[in-house]
């Protein structure tokens, strides 16, 4: 395992885009971890005398509010910093839930086949036939608005991607010689599936997990923008966009700043995912 990660790091170092993505993600993680120390103000604190102030480096700005304030006088910089905590937590939660559920169902489907495979794949095809954000909206509408229900909805939407990836890998790996050897030594189905086969299917799962982070952050931000995700006064980037859309012409910084945070974070995870794909796919290595 140590050799695997050392080789992966060596391959990623050769990919400039992946390294930029990793650096930006690490910066976001540090900001999220040390948000109480970095943020100049409490994200929910209201300053009635400072409504819709522009950034301090623009004419009309004030020194204590570097990126300005929103329509009710809250510091935008502080809300963006605390919003990184929510967005990264959402992405992590979505990936963990969808990875566990999708891997388990994908292994069962690929290993056993037959009726189990048909049932799982027909449900997967049904979910994937619907637009992901539309299906997530339907789920949240049933469960009720809130950040927890938004995470559940986005996780359900993301599960089919993991199922299809792990199923195809298991269907190839279950016919390998090492699986036959394990069966001859008396290994049960559970051990063969999750101890012998699954570790050999990790490469595409790692790539999909990195891309799942960006999808989770983007979809939860979209739900927050529609009022179905994080609720006020939480400083979530999608909710900040929703609150600021009425002031897009008069106070464009209120929309631009959280939108830029979403864009850069999603782009960073996509760059990392592309780098991982290039590093872990042997066919791409041969082309390079």
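The values are calculated or read from the model by the stated rules, or taken from the named source; none is laboratory data. Because the structure is a prediction, the values reported are computed rather than measured. Ideal geometry is used to build each Cβ from the backbone, glycine not excepted, and the neighbour counts take in all protein chains shown.
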Exercise for the section: Could you tell me whether the stretch 18-39 includes any residue that is modelled with pLDDT of 85 or more, within 21 Å of residue 237 (Cα to Cα) and over 28 Å from the mean Cα position of the chain (by Cα)? Expected result: no
Problem - Any hit, the stretch 99-106, residues being buried (at least 23 other Cβ atoms within 10 Å of the Cβ), within 30 Å of residue 251 (Cβ to Cβ) and in contact (Cβ under 8 Å) with a residue 40 or more places away in the chain - result: no
Exercise for the section: Inspect all residues belonging to the stretch 74-94 and state whether any of them is in a loop (DSSP other than H, G, I, E, B) and either over 28 Å from the mean Cα position of the chain (by Cα) or buried (at least 23 other Cβ atoms within 10 Å of the Cβ) (or both). Expected result: yes
Fill in the blank from the handout: Selection from the stretch 52-68 of residues under 20 Å from residue 83 (Cβ atoms) and out of contact with any strand residue (DSSP E or B) (no Cβ under 6 Å at 6 or more places or on another chain) yields 52, 54, 55, 56, 64, 66, 67, 68
Fill in the blank from the handout: Within the stretch 155-203, residues being more than 20 Å from residue 112 (Cα to Cα) and either modelled with pLDDT under 85 or in contact with a strand residue (DSSP E or B) (Cβ under 8 Å, 6 or more places away or on another chain) (or both) number 1
Exercise for the section: Residue by residue through the stretch 57-71, note down the ones that are free of Cβ contacts under 8 Å to residues at least 40 places away in the same chain, part of a loop (DSSP other than H, G, I, E, B) and surrounded by 14 or more Cβ atoms within 10 Å (Cβ to Cβ). Expected result: 61, 62, 65, 66
